[in-house]
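What follows is one structure encoded as structure tokens, with my remarks underneath.
The values are calculated or read from the model by the stated rules, or taken from the named source; none is laboratory data. This structure is a prediction, so every number in the text was calculated from the model and none was measured. Glycine also receives a Cβ, built like all others from the backbone with ideal geometry; neighbour counts cover every protein chain displayed. Each accessible area value is taken on the protein alone, full model and side chains, heavy atoms only, with ligands, DNA and RNA left out. Shrake-Rupley method; radii C 1.70, N 1.55, O 1.52, S 1.80 Å.
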Amino acid sequence: MVLTSALRDYVTRMLQDISGMKVLILDSQTVSIVSVVFSQSELLQKEVFLVELVDSTSKESMSHLKAVYFLRPTSENIQHLRRQIANPRFGEYHLFFSNIMKDTQIHVLADSDEQEVVQQVQEFYGDFCAIDPYHFTLNFPLNHIYMLPAVVDPSSLQNFCDRIVDGITAVFLALKRRPVIRYQRTSDISKRIAQEASKVMYERETGLFDFRRTEISPLLLIVDRRDDPVTPLLNQWTYQAMVHELIGIQDNKVDLRNIGKAPKDQQEVVLSSEQDAFFKSNMYENFGDLGMNIKRMVDDFQQIAKSNQNIQTIEDMAKFVDNYPEYRKKHGNVSKHVTMVTELSKIAEERKLMLVSQTEQDLACNGGQVAAFEAVMNLLSNDSVSDVDRLRLVMLYALRYEKESPVQLMQLCNKLASRSAKYKSGLVQFLIKQAGVDKRTGDLYGNRDLLNIARNMARGIKGVENVYTQHQPLLFQTMESITKGRLRDVDYPFIGNHFQQGRPQDVVIFVVGGTTYEEARAVALQNASNSGTRFILGGSVVLNSKRFLKDLEEAQRIAKSNISAV
């Protein structure tokens, strides 16, 4: 059972057993949770004629509608509910919560229901946003908190940890499993979340987690984004990851309103592997193959339309789709992807990303400090390279060569400051302090461990099919270590007196600080390889470089104003 189908099941069960016309009432988080697995037309089929937010101030009485609430069990939501049940607008109230409720909350609701309009109260553990079958996010707004020491803002840090523990708890309740828990030793926040999750599963709610035992328990591994700061800094060249990097994806939707020529019906498009067959088969393809696959679809239609227009470039495709409105109607799907690819190639051209990306990949994958220094210096001087790309290049250089060439790193930082007016001084150093070699557990550049060094040399000899996608996230090695039973206890200790014999069949890897679509792709490819272990990836947000840098800047700003904590 995968995450998207678990959530679809929950929503279906909420709606199908209640006959008649319904209003679905959600909160700011469950609205994302539902929208990624259910389209509006599917909700209509289930007789949902209205969707409202729980904090809406509407007073209009609609006693002919039955209200189905799906909310997180937060104290704010309970207060909204209390008021709404005391003065009911709807004929019936069916209350579903996305996580474990406190007894006191149930009492508060019972006391407010004087008119006895509440028909049922249930817990359906859908407290996570399943953007793909094996990838979930919690969309946590204040994601930078994980980079700050606990003393700076203890209550915000506690909220952050609580939300993650809630999300992880719900995932395992939805999967009907209780895992053994491991965490990254060098990360305080990973340890804290692992301990709190263990308390919920093995002490407070042990009855709920009393599932049929499997021979080998599933594994929950909690790691810190700062162990691999390279992946969120790189430009991406596979479809889903590239769209998120250059335009942005939120809850599987892409906002194209700021894009000059997006047709009226494509101001916001949905990119979902569950609802779009073309996207499903191309989401992990590199940009070149994707272009060819779209061209093949347009060619097929050309034959039907008996058009003999010569289509060679992405611009030709875009023109063709514009000239054939009936094509857009019939193949809205294809024209959406043509719009998207046109936009991606325009941005890549404007920002000279192929040039930039080649150096990025070299910094991430290949040694050679002297050549790397020259390449970054040249790009910093190139007027076509944008400020954000300059910053990322210096950061990637710093992460790789902080110990080897501190003098040249200073030269690059000075050059960056002189070229980029917006550069916040000290940000590169702040990244090193957060995620430098002394802070990391994994072998990020494959140069600590003899096996990895040999593997990298072999890869260098064989040559790489595509220089733009040669980088592999650290997560890839982590998954490999798990499937081979080589994940070291010293680096990733167990919580409690658990240990694991044999290889787990189900593994959830949670990245505190956020996942990337490049990592989600690595998970999907690993799962497709039938290694006997199924991986699920989750994180506090889904990052692109813009979001990662924003979190870094915010953490640096707060750390500066709390000098005592720096």
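The condition of being part of a helix (DSSP H, G or I), in contact with a helix residue (DSSP H, G or I) (Cβ under 7 Å, 6 or more places away or on another chain) and at pLDDT 85 or above holds for only one of 245, 274, that being 245. Determine whether segment 416-425 contains at least one residue that is surrounded by fewer than 21 Cβ atoms within 10 Å (Cβ to Cβ), assigned to a helix (DSSP H, G or I) and in contact with a helix residue (DSSP H, G or I) (Cβ under 6 Å, 6 or more places away or on another chain). Looking for residues that are surrounded by fewer than 21 Cβ atoms within 10 Å (Cβ to Cβ), assigned to a helix (DSSP H, G or I) and in contact with a helix residue (DSSP H, G or I) (Cβ under 6 Å, 6 or more places away or on another chain), one finds at least one in segment 416-425, hence yes. From the list 117, 51, the lone residue that is without any contact (Cβ under 8 Å) to a residue 40 or more places away in the chain, open to solvent by 30 Å² or more (accessible area, probe 1.4 Å) and not acidic (Asp, Glu) is 51.
Name the single residue that is surrounded by the most Cβ atoms within 10 Å (Cβ to Cβ) among those in segment 1-11 being more than 20 Å from the chain's Cα centre (by Cα) and closer than 12 Å to residue 70 by Cβ. Per the stated criteria, the residue is 11. Can we say residue 470 is touching a Cys at 6+ places or on another chain (Cβ under 9 Å), open to solvent by less than 50 Å² (accessible area, probe 1.4 Å) and at pLDDT below 95? Spelling it out, residue 470 is indeed touching a Cys at 6+ places or on another chain (Cβ under 9 Å), open to solvent by less than 50 Å² (accessible area, probe 1.4 Å) and at pLDDT below 95. Filtering segment 111-126 for residues that are over 19 Å from residue 27 (Cα atoms) and under 21 Å from the mean Cα position of the chain (by Cα) leaves an empty set.
Within segment 259-270, is even one residue closer than 20 Å to residue 524 by Cα, part of a helix (DSSP H, G or I) and not small (Gly, Ala, Ser)? No, every residue in segment 259-270 fails to be closer than 20 Å to residue 524 by Cα, part of a helix (DSSP H, G or I) and not small (Gly, Ala, Ser).
Matching residues to (1) over 14 Å from residue 341 (Cα atoms); (2) without any contact (Cβ under 8 Å) to a residue 24 or more places away in the chain; (3) surrounded by fewer than 16 Cβ atoms within 10 Å (Cβ to Cβ):
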{"position": "228", "(1), (2), (3)": "yes, no, no"}
{"position": "236", "(1), (2), (3)": "no, no, no"}
{"position": "241", "(1), (2), (3)": "no, no, no"}
{"position": "247", "(1), (2), (3)": "no, no, no"}
{"position": "262", "(1), (2), (3)": "no, no, no"}
{"position": "265", "(1), (2), (3)": "yes, no, yes"}
{"position": "280", "(1), (2), (3)": "yes, yes, yes"}
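Applying the criterion of being over 13 Å from residue 99 (Cβ atoms) and hydrophobic (A, V, I, L, M, F, W, C) to the residues of segment 203-215, the residue that is most open to solvent (accessible area, probe 1.4 Å) is 211. For segment 501-520, filtered to residues that are among the charged types (D, E, K, R) and not in a helix (DSSP H, G or I), the residue that is farthest from residue 138 (Cα to Cα) is 503. Among the residues making up segment 367-376, a single one is touching a helix residue (DSSP H, G or I) at 6+ places or on another chain (Cβ under 7 Å) and either surrounded by fewer than 17 Cβ atoms within 10 Å (Cβ to Cβ) or over 16 Å from residue 410 (Cα atoms) (or both): 369.
Reported count of residues in segment 143-160, each being over 14 Å from residue 188 (Cα atoms) and aliphatic (A, V, I, L, M), is 1. When segment 323-350 is filtered for residues that are at pLDDT below 75 and either in contact with a Lys or Arg (Cβ under 8 Å, 6 or more places away or on another chain) or outside any helix (DSSP H, G or I) (or both), the ones remaining, listed by number, are 324, 331.
Annotation: residue 211 fulfils all but one of (1) of a type in the set (Phe, Trp, Tyr); (2) at pLDDT 85 or above; (3) under 30 Å from residue 483 (Cβ atoms); the unmet one is (2). In summary, residue 20 fulfils each of the numbered conditions (1) under 22 Å from residue 250 (Cβ atoms); (2) open to solvent by less than 50 Å² (accessible area, probe 1.4 Å); (3) in a loop (DSSP other than H, G, I, E, B) with the single exception of condition (1).
Screening the candidates 180, 200, 171 for the property of being more than 30 Å from residue 429 (Cβ to Cβ), touching a His at 6+ places or on another chain (Cβ under 7 Å) and open to solvent by less than 50 Å² (accessible area, probe 1.4 Å) yields one hit, 180.
Pairing each residue of segment 171-199 that is at positive phi and assigned to a loop (DSSP other than H, G, I, E, B) with any residue that is surrounded by fewer than 23 Cβ atoms within 10 Å (Cβ to Cβ) and among the hydrophobic types (A, V, I, L, M, F, W, C), provided the two are 6+ apart or on different chains, yields C-beta distances under 6 Å for 176/211.
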